[in-house]
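Structure first, then comments.
The values are calculated or read from the model by the stated rules, or taken from the named source; none is laboratory data. These numbers were taken from a predicted model, which means no experiment stands behind them. Reconstructed Cβ throughout: ideal geometry from the backbone, glycine too, with neighbour counts over all protein chains shown. For accessibility, only protein heavy atoms count, side chains too; no ligands or nucleic acids. Shrake-Rupley method; radii C 1.70, N 1.55, O 1.52, S 1.80 Å.
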Amino acid sequence: MAAAAASSATACFLSSPCPPPRCPRHSLRHLACAAVTKPAPAASSPSSSSRSLALPSPAPWPRRLGELVPAEAAGRLLSSAAGSLIVALASAALILGDAGAASAFVVSTPRKLQADELATVRLFQENTPSVVYITNLAVRQDAFTLDVLEVPQGSGSGFVWDKSGHIVTNFHVIRGASDLRVTLADQSVYEAQVVGFDQDKDVAVLCIKAPKDKLRPIPVGVSADLLVGQKVYAIGNPFGLDHTLTTGVISGLRREISSAATGRPIQDVIQTDAAINPGNSGGPLLDSSGNLIGVNTAIYSPSGASSGVGFSIPVDTVGGIVDQLIKFGKVTRPILGIKFAPDQSVEQLGLSGVLVLDAPPNGPAGKAGLLSTKRDAYGRLILGDIITSVNGTKVTNGSDLYRILDQCKVGETVTVEVLRGDHKEKIPVVLEPKPDES
């Protein structure tokens, strides 16, 4: 009877709706063990024993299980089965039950952006239509078929300057191109013509014939009042990935870099840690108001990729150059008309200044009487004049000389002080415009 009662209890536990058990989880094992334990032989008479054997068992499977497997193993088996059933019932209740209870397991992603994120998104959306993608095409002849083909030899960025279709970019982006193509933000492509360029400052102006409703000029700011630490944003096409936004801060001001075309120094350059990579050249550098403050032009990197040191030509410099290129097709810049030795060569001689290597007789310096470096009849080197100052401003290297000339005008007479032999002389020189470049 004890076995029958235990079997009935086990069967009821597994088949009934089963309210939440009051006993702890380990009682399942005890219950299963009790179900499979054989009852002790009764001390009654054989007749009573026969009557008990004749009674049908309400649940014969626990006893049969006890005969096949040890009691402890059977207990573990039934405990595991009961636990699995409870887990299944709990999962069904979670799925089919109240949705509010299940919502506690769902993590909702907040979609609200912070104020600075919204400002960055708005800045990108408003200025992206002003940024263009420039493809540099060159003519190549197939070696086998002798067919003349146009193949891309480079790409870069630029931006819309005005509604007339003028596009501003770097000169090194368009250098050596036979044809140029400009892709706007809506992926429309236009053939571009070169209006003019300034190799010394690495600036070029193109022109496309596009509908005015597709041209959105970029808002022009001021670079004279920039501060180190303020946020900046660069939009361009690095590695051909069009309209890429990178952010950073102004890392330094009044830097000096050399033009990629002529080697002439570019002063007052903006240094930034916003990522600038190949393809970003010619793209805009913006302040937090979305105004143009510079044109991305170069990076300092041994590998050629962004190293956190990028340079942009200030918009105050670019603006004057672009105006001259649009009006005259060229930049009129005064020159002395000399070729001078590298700064390292002069330092090796223990001198300070600019050593004149060549002063053509038809140039400003040659007309004024500056002497070139030459060799005598025995092959010995005779140094030419060494420029030590211009208009009273000391000159120690070529960068100093260029910086002074950038502040002068064509036709202006400057006083050039030179070291000739063991004495100094002051020579007046009339500055002339730089010859036209093809």
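Against the test of being of a type in the set (A, V, I, L, M) and in contact with a Phe, Trp or Tyr (Cβ under 8 Å, 6 or more places away or on another chain), the options L206, L241, L245 yield a single qualifying residue, L245.
The set of residues in the stretch 180-221 that are touching a strand residue (DSSP E or B) at 6+ places or on another chain (Cβ under 9 Å) and under 19 Å from E256 (Cα atoms) comprises D198, D200, K201, D202, V203. The one condition from (1) part of a loop (DSSP other than H, G, I, E, B); (2) surrounded by 20 or more Cβ atoms within 10 Å (Cβ to Cβ); (3) at negative phi that G337 does not meet is (3). Looking across S155, S130, S178, one residue alone is modelled with pLDDT under 85, within 27 Å of L325 (Cα to Cα) and within 19 Å of the chain's Cα centre (by Cα). It is S155.
Among what's in the stretch 354-391 and is among the aliphatic types (A, V, I, L, M) and not in a strand (DSSP E or B), pick the residue that is surrounded by the fewest Cβ atoms within 10 Å (Cβ to Cβ).
The initial filter retains those residues of the stretch 354-391 that are among the aliphatic types (A, V, I, L, M), namely 354-357, 359, 365, 368, 370-371, 377, 381-383, 386-387, 390.
From the residues that got through so far, the ones that are not in a strand (DSSP E or B) too are 359, 365, 368, 370-371, 377, 383.
Numbers: A359: 23, A365: 27, A368: 17, L370: 24, L371: 18, A377: 5, L383: 19.
Ranking the qualifying residues of the stretch 354-391, first place goes to A377.
Step by step: first the residues of the stretch 163-175, then only those that are out of contact with any Lys or Arg (no Cβ under 9 Å at 6 or more places or on another chain) and part of a helix (DSSP H, G or I), then the one that is surrounded by the most Cβ atoms within 10 Å (Cβ to Cβ). Which residue is that? Per the stated criteria, the residue is V173. Of all residues in the stretch 407-424, those satisfying the criterion of being at negative phi, open to solvent by 60 Å² or more (accessible area, probe 1.4 Å) and either touching a His at 6+ places or on another chain (Cβ under 9 Å) or not β-branched (V, I, T) (or both) are Q407, K409, E412, D422, H423, K424.
Filtering the stretch 254-269 to residues that are within 18 Å of G158 (Cα to Cα) and out of contact with any Asp or Glu (no Cβ under 9 Å at 6 or more places or on another chain) leaves nothing.
Just checking, which of G229, G248, G221 is modelled with pLDDT of 90 or more and either among the polar types (S, T, N, Q) or touching a Leu at 6+ places or on another chain (Cβ under 7 Å) (or both)?
Checking each option against the conditions leaves just G221.
Of the strands (runs of 3 or more DSSP E) that lie entirely inside the stretch 176-221, those containing 1 or more residues that are in contact (Cβ under 8 Å) with a residue 24 or more places away in the chain, open to solvent by less than 50 Å² (accessible area, probe 1.4 Å) and in contact with a His (Cβ under 9 Å, 6 or more places away or on another chain) span 189-198, 203-208. Take the residues in the stretch 343-353 that are open to solvent by 10 Å² or more (accessible area, probe 1.4 Å), in contact (Cβ under 8 Å) with a residue 40 or more places away in the chain and part of a loop (DSSP other than H, G, I, E, B); name whichever of them is farthest from G411 (Cα to Cα). Step by step, filter the stretch 343-353, then rank; the result is L351.
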